[in-house]
1. Evaluate the distance, in nm, between pseudo-label points positioned 7 Å from the Cα of residue 86 and of residue 174 along their respective Cα→Cβ axes.
2. Starting with the fewest neighbours, write out 223, 330 ranked by other beta-carbon atoms found within 10 Å of each beta-carbon.
3. Could you tell me the calculated FRET efficiency between residue 69 and residue 183, based on Cβ-Cβ distance and R0 = 25 angstrom, to the nearest 0.05?
4. Could you line up 201, 343 from fewest to most neighbouring Cβ atoms inside 10 Å?
5. Averaged over all directions, how much area does the convex hull of the C-alpha atoms of segment 1-62 cover when projected, in nm²?
6. Taking the Cβ of each residue in 271, 61, 42 as the centre, tally the other Cβ atoms inside 10 Å and list the residues starting with the fewest.
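Any read-out appearing in this document is the output of simple, stated calculations on the displayed coordinates, not a laboratory observation. All values derive from a computational prediction rather than experimental measurement. Methodologically, a virtual Cβ is constructed for each residue, glycine included, from the backbone with ideal geometry; neighbour enumeration extends over all protein chains shown.
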């Protein structure tokens, strides 16, 4: 597409993969990017900063697809602006990337399909909860496919009851593919395991860093699954790389694709590797046998995924898992003091919830065994002020003077 502008619509884009995509597309001189979200500011409002830095190529619209009429008005304004910028020509999006669709109604609320050549829907692990069998190499794309024509009304209700989120997301996915056949546009549905990388608004990985760094005091909890079941991860930057690859291809293979790192590891192996990369010594773990263990990862425990289809059809070359973890760790541990302060406070608040689990265990232990507060077998709940101080000290440790790893070009 050399010599002519590409037009991309991003639904979402305020954080994580969406923000990473906006940053990447902002560096492409021949790409005009329109993005719509609810206007929330994450990560010091970086997505808004992009529109200020590139007012001729990055265009932001505020709209809530849950408010149908209002959202359609926003879309109308966007298409009017798009026509003006093209000199009155009838423009078409080369690619629509949807990070925020959850329900079938979310997709019905806008009619961009007739104005797009290709559509990418970003799915998640939860869509595989409806799968029942796992091959040795990992979950394949067909294992989470919902063929309504082969299911009775009773079976559909059972699936919805089994997992409401995954069921509704699959219905939305089916709707996209149905529309693509009617309106002749390409659709790719990405199914992702746990995503790691910069700008993660879930804060899971950042909290995991703190827990690993403090595992001597707050041991990482494991169970039998943590020792035996393999899990998969994907680097957010890899998702963006494959999106830009598709944008630049004249032939786009429609279909469902698992996107993730090639390597698979157990949670125990993950903890050990994290502590090694963090340089914080051996991972201290405690096995939980009498109740459900507290863990941050994986978010869905269905085992690893198979990425062969994406490698073969989309020429996907994933970042090695060790490198993906290092990139993610470096981003969060290199933040300057005062940078992304709201996110930092949210992370510390979440980590405090983990600390409270150990404080509660200590209280229960003291109550049942009448151990002294100096007992070395449990955490001393009387030191809660010290615990808070320790967390704040940990926060200061990661606020060093290294530059932010993902700078936005001025």
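1. Result: 3.3 nm between the two label points.
2. Values: 223 16, 330 13.
Fewest to most other Cβ atoms nearby, the residues stand as 330, 223.
3. On the way: r = 23 Å, r/R0 = 0.91.
E(calc), rounded to 0.05, equals 0.65.
4. Details: 201 15, 343 20.
Ranking 201, 343 by Cβ neighbours within 10 Å, fewest first, gives 201, 343.
5. Values: hull surface 15.4 nm².
Quarter of the Cα hull surface area: 3.8 nm².
6. Details: 271 25, 61 16, 42 19.
Sorted ascending by nearby Cβ count, the order is 61, 42, 271.
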